[in-house]
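Participant: Have a look at the structure that comes next, please.
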Amino acid sequence: MNFIAPEFLYALGFLAIPILIHLFNFRRYKTVQFSQVRFLKSLKKQTQSTSKLKHLIVLACRCLALATLVFAFAQPYFSEKEIKSLGKKNGVIVYLDNSFSLQMSAEVGSLLDEAKNKAIAISDAYSAADKFQLHTNNFGGDEQRWLNKEGFISKLQSVDFSPKFRTLDAVCSRMKAVEKNEQLTLKHYIIGDLQKTSYEISSMYDNFELNVLPVKSQIQENVWIQNFVAFQPFHLPLMSEKFSLQVNQGKNEEPKKINGRLFLNGELKNPFIIEMEEDSAEKEINFNNPNATFVTGKVSVKDYPVVFDDTFYFYYPTRRKIKVLHLFENIKNKSVNTLFEGDSVITYSSSTIKRIDFSLLKTANLVVLENIKELSSGLISELTSFSKQGGSILFFPSNDMQTGSVNSLFNEFGISGYGKLIQDTLTISDMNTKSALFANVFEETPKDINYPKTYQSWSIITEQNNLSEQLFSYSNGTSFLKKYDTKAGSFYLCGSNLESNNSNFGKHALFVPSLYNMALQSAKTIATSYLLDDNKITLTGITPSESPLKLKKDNYEWIPKQNVRDNSVDIYLRNQITEPGFYSVMQNDIEIDKLAFNYNRNESNLAHFNSEEFKLKAEQKGLTIEVFESSNEILSYELSNSGKSQMFWKYCIILCLLFIGLEILFLRIL
C-alpha cells in the first residue's frame, strides 16, 4: 500500500480526541431511594455492561470514520508493478523535441519554451532521489548520462533549436537502447508537436510504455524554399543563367504574394514576387553570371515566425574545364580539331584508336569517335565503363565500318545501332528545336533553314522501347543525329561522318552549336548545394596530393575524413557542419573549391496530428501510448497518479459514511 499524499496521515493523531472524550467523560448518577432494591441490583449490573459495550462500539465507529477520512485524503493505491519495483528508484527518460518546427509561437514564448516547462513539470512528479536523462535531436553522447533532478533542470535550460531531423521511430529506438539498470524503474516521456513528417508511427515496431506530452501552436502557416535548381550543368562567366525556384506552403492555406530576393557574390541582383495560389509554386529566375571564377549566391523569401527555411544557399564554379577526347582511325577531321582546340573552356586532346592513353579516357567528359571502322574488345570495355561513370560519347561512322563490331558497343546500352549503308543523297529537313541541346542557340525559332545534306550515310535503327531523342531527321522521317540517354551519360549517333564526300555537316553552321553544346552538357552535373545532414560528398576534378583537403568557414578549419580516388575525393562530414552557408575547400592552404549547405526542409511542413488521431494510430499499431494534455499546473499531479492501477480513496469515503451511519444507529435507535 502506497499513498499519493502521505502527509495527510499525520491527521491520524486526531484519533486521540474521541478516545480522550471516552475516557474522561464521567457521568454523574442521581440516586433514587426505593423501599426494596433487592431486584434492582441485578438489573443495574446488566445495564452497566450493556452501556459499556455500546460506548465501545460508538468509539470504534468514530475512530474508524475519522481514520478512513484521513486515508481518503492521503489517497492510497496498490500496484503490482510498484510492488515488483519495491526499493527501486525511478529512471526518467525525457525526449525534448527541439527541432525548428518548435519556433512557432505559444502562449508564452515559443513552443520550445512550453516544452521545457512541461519537462520541468515531469521532474516535479518525481522525488529528488530519482534519476533523469534528457534526450534532444542532437543525439549527443552526453545525453545518455544519468542526472539528478537539479542537473536535469540545469541542462534543460541550455537546450536550443537543432537543425537535426529525427523520426519518432529513431527517437524510441534510442530511448529503448538506454542501458538497463536493475536499480531503476524506467519511465519514458516524449515532448513534441506531433508533426506528421516526424511523428508518423506506421514504421514503429518496438513496443514499450510511452508517455506523450504534446505542445501545439494555433498557427500552422509556413512558407519555405524547397529547392533552387539550375537548368544547365555548365556555367560560364557572364553567361545567361536560368534557375527554377520552388516555394511551398502548408496545405489549404490562402493565396498570398511572397517577396523574394536574389544575391550573387554578396550583391542584390534580382528582387521578385511569387504568387502562392496552391501548395507549391515554381518561378523561373533569370540572371547573368558575374565575371568571376565562382558564384556564391542565396535566394530568400520573407516569412514569419519559422525562418530557418526562408534562405537557400548555392554555389557553382564558372571556369571549370571540359575535357574532350577525339579518337579517330588514321587522320583526324579538321572540323572537330578547329572547333575545340584553343578554346578557353575546352581541354582538347586527340589520338588514334591504336595509341590511346586510357588515363585521358578516364578523365574526359566527351569522347568523339570519328570515322572508326572497328572497335577492339578492350576499347569497348573502357568506353562502357566511361559511359557508366557519366561520360558522353559521340560516334561518326566510317563507310568501311564493321557494324557487328561497332554495334556490340551499342548493345551494352540497349541501342540497336546502325543498319545498312545508303549511297543516295539525303537532305535533312527537320531539327528538334525543343531539345535541351539547342537551348539558347536561337533567339527565335527559325523558319527557313538551309539544312545539311548527306551523300553517303548509315541508317540508324529505330527502337521502340529505348529512351531516345531525335535531333536531326531526313524528310522520310529517319534519323541523321540521335541522342540516347544512358543511366549516367549520353550517347550520340550520327548517320554520316564528317568527310566532305559523305556530308557537308562538318562545314555547316549547325555543326558548331551542336558539338559545342554536346561538350558543355557532357560536363558532369555539379551539386550546387548540400544539406547539413549529408554524410558523404564527392568532389571531382581534384588533383591528387599528399596534402589532405580541409574545410574552412571564417576562423574554423578542420580536416574531415576523406577517401582519395582517381580524379575525385570522397569527404565524410559526420555531422561536423552545423550552420548553413558557404565553406571553403582548401588544399595546401589554397582555396580550390567551395561548398554551400542548407537546412533540411523536412521540418518545414507544420501539419501535425491531433491527440485523438495520434492515439488512434497508436492503438491500430498495437502500441502502448498515453497522451497527457493538461496544463502545467496539474500536469505533475496527473503524472504522479499515472500507472497506479488500484486507487482506494473512493472506497475510504464509502467506509467513512458507513461508520458514521453505524454510530448514529447505535446512539439513536439502539
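The values are calculated or read from the model by the stated rules, or taken from the named source; none is laboratory data. Bear in mind that the values here come from a model prediction, so they are computed numbers and not experimental data. Every residue, glycine among them, receives a Cβ derived from its backbone with ideal geometry; neighbour counts consider all protein chains shown. In case anyone asks, the SASA skips ligands and DNA or RNA and just uses the protein heavy atoms, side chains included. Shrake-Rupley method; radii C 1.70, N 1.55, O 1.52, S 1.80 Å.
The rows are residues; the columns are (1) in contact with a Gly (Cβ under 8 Å, 6 or more places away or on another chain); (2) at pLDDT below 85; (3) under 27 Å from Asn501 (Cα atoms).
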{"residue": "Ile353", "(1), (2), (3)": "no, no, yes"}
{"residue": "Lys373", "(1), (2), (3)": "no, no, yes"}
{"residue": "Ile380", "(1), (2), (3)": "no, no, no"}
{"residue": "Ile393", "(1), (2), (3)": "yes, no, yes"}
{"residue": "Met431", "(1), (2), (3)": "no, no, yes"}
{"residue": "Thr445", "(1), (2), (3)": "no, yes, no"}
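Participant: Can I ask one more? Determine which member of the set Glu499, Glu469 is within 26 Å of Asn399 (Cα to Cα) and assigned to a loop (DSSP other than H, G, I, E, B).
Facilitator: Glu499
One line per residue, one yes/no per condition, for (1) among the hydroxyl-bearing types (Ser, Thr, Tyr); (2) closer than 30 Å to Val299 by Cα; (3) modelled with pLDDT of 90 or more; (4) touching a Cys at 6+ places or on another chain (Cβ under 6 Å):
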residue	(1), (2), (3), (4)
Phe491	no, no, yes, no
Asn497	no, no, yes, no
Tyr516	yes, no, yes, no
Gln521	no, yes, no, no
Ile526	no, yes, no, no
Ser529	yes, yes, yes, no
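Participant: Being among the hydrophobic types (A, V, I, L, M, F, W, C) and open to solvent by less than 80 Å² (accessible area, probe 1.4 Å): is that true of Ile634 here?
Facilitator: no
Participant: Next question. If we keep just the residues of the range 474-517 that are β-branched (Val, Ile, Thr) and surrounded by fewer than 19 Cβ atoms within 10 Å (Cβ to Cβ), which is nearest to Gly417 (Cα to Cα)?
Facilitator: Thr478
Participant: Let me ask another. Sort through Asn399, Asn407 and tell me the only one that's farther than 20 Å from Leu510 by Cβ, modelled with pLDDT of 85 or more and part of a helix (DSSP H, G or I).
Facilitator: Asn407
Participant: Being of a type in the set (A, V, I, L, M) and open to solvent by less than 10 Å² (accessible area, probe 1.4 Å) is true for just one of Leu467, Leu421, Leu426, Leu471. Which residue is that?
Facilitator: Details: Leu467 fails: open to solvent by less than 10 Å² (accessible area, probe 1.4 Å); Leu421 fails: open to solvent by less than 10 Å² (accessible area, probe 1.4 Å); Leu426 fails: open to solvent by less than 10 Å² (accessible area, probe 1.4 Å).
Just one listed residue meets the conditions, Leu471.
Participant: Against the condition aromatic (Phe, Trp, Tyr), surrounded by fewer than 17 Cβ atoms within 10 Å (Cβ to Cβ) and under 29 Å from the mean Cα position of the chain (by Cα), how does Tyr304 come out, does it pass?
Facilitator: yes
Participant: Okay, next question. Could you tell me whether Ile592 is more than 30 Å from Gln249 (Cβ to Cβ) and buried (at least 16 other Cβ atoms within 10 Å of the Cβ)?
Facilitator: yes
Participant: Which of the residues belonging to the range 608-624 are open to solvent by less than 40 Å² (accessible area, probe 1.4 Å) and either farther than 24 Å from Asn252 by Cβ or of a type in the set (Ser, Thr, Tyr) (or both)?
Facilitator: Passing the criteria: Ser611, Ala618, Leu623.
Participant: Moving on. Could you tell me whether any residue of the range 105-119 is among the polar types (S, T, N, Q), in contact with an Asp or Glu (Cβ under 6 Å, 6 or more places away or on another chain), within 30 Å of Lys251 (Cβ to Cβ) and at pLDDT below 90? Spell out the reasoning first.
Facilitator: First pass over the range 105-119, keeping only residues among the polar types (S, T, N, Q): 105, 110, 117.
Within this subset, residues satisfying the condition of being in contact with an Asp or Glu (Cβ under 6 Å, 6 or more places away or on another chain) are none.
No, that holds for no residue.
Participant: In the set Lys164, Lys118, Lys187, Lys131, which member is farther than 24 Å from Glu626 by Cα and not small (Gly, Ala, Ser)?
Facilitator: Lys164
Participant: What strands (runs of 3 or more DSSP E) completely inside the range 217-278 contain at least 1 residues that are surrounded by fewer than 19 Cβ atoms within 10 Å (Cβ to Cβ) and of a type in the set (Phe, Trp, Tyr)?
Facilitator: 256-264, 272-276
Participant: Then there is this: For the subset of the range 559-589 comprising residues that are closer than 16 Å to Pro548 by Cα and of a type in the set (A, V, I, L, M, F, W, C), which member is surrounded by the fewest Cβ atoms within 10 Å (Cβ to Cβ)?
Facilitator: In this case the residue turns out to be Ile559.
Participant: Let me ask something else. Scan the range 372-393 for residues that are in a strand (DSSP E or B) and either under 29 Å from Thr318 (Cβ atoms) or in contact with a strand residue (DSSP E or B) (Cβ under 6 Å, 6 or more places away or on another chain) (or both) and jot them down. Write out each step before concluding.
Facilitator: At the first step, the residues of the range 372-393 found to be in a strand (DSSP E or B) are 372, 392-393.
Those that are in a strand (DSSP E or B) and either under 29 Å from Thr318 (Cβ atoms) or in contact with a strand residue (DSSP E or B) (Cβ under 6 Å, 6 or more places away or on another chain) (or both): Ser392, Ile393.
Participant: Here's a check for you: in the range 5-35, which residue that is small (Gly, Ala, Ser) and at pLDDT 80 or above is least open to solvent (accessible area, probe 1.4 Å)?
Facilitator: Among them, the one singled out is Ala11.
Participant: For the range 597-613, check the following and say yes or no: at least one residue is at pLDDT below 85 and either in contact with a Ser or Thr (Cβ under 6 Å, 6 or more places away or on another chain) or over 30 Å from Ser105 (Cβ atoms) (or both).
Facilitator: no
Participant: Now, a different point. Restricting attention to the range 119-141, and to residues there that are outside any loop (DSSP other than H, G, I, E, B), open to solvent by 50 Å² or more (accessible area, probe 1.4 Å) and touching a helix residue (DSSP H, G or I) at 6+ places or on another chain (Cβ under 9 Å), which single residue is nearest to Lys89 (Cα to Cα)?
Facilitator: Lys131
Participant: Looking only at the range 86-105, count every residue that is under 22 Å from Lys164 (Cα atoms), assigned to a loop (DSSP other than H, G, I, E, B) and of a type in the set (Gly, Ala, Ser) and tell me the total.
Facilitator: Final tally of qualifying residues: 1.
Participant: Of the conditions (1) open to solvent by less than 50 Å² (accessible area, probe 1.4 Å); (2) closer than 30 Å to Lys216 by Cα, Leu520 satisfies every one except a single condition; which number is it?
Facilitator: Status for Leu520: all satisfied but (2).
Participant: Kindly indicate whether any position in the range 136-154 is touching a residue at least 60 places away in the same chain (Cβ under 8 Å) and under 18 Å from the mean Cα position of the chain (by Cα).
Facilitator: no
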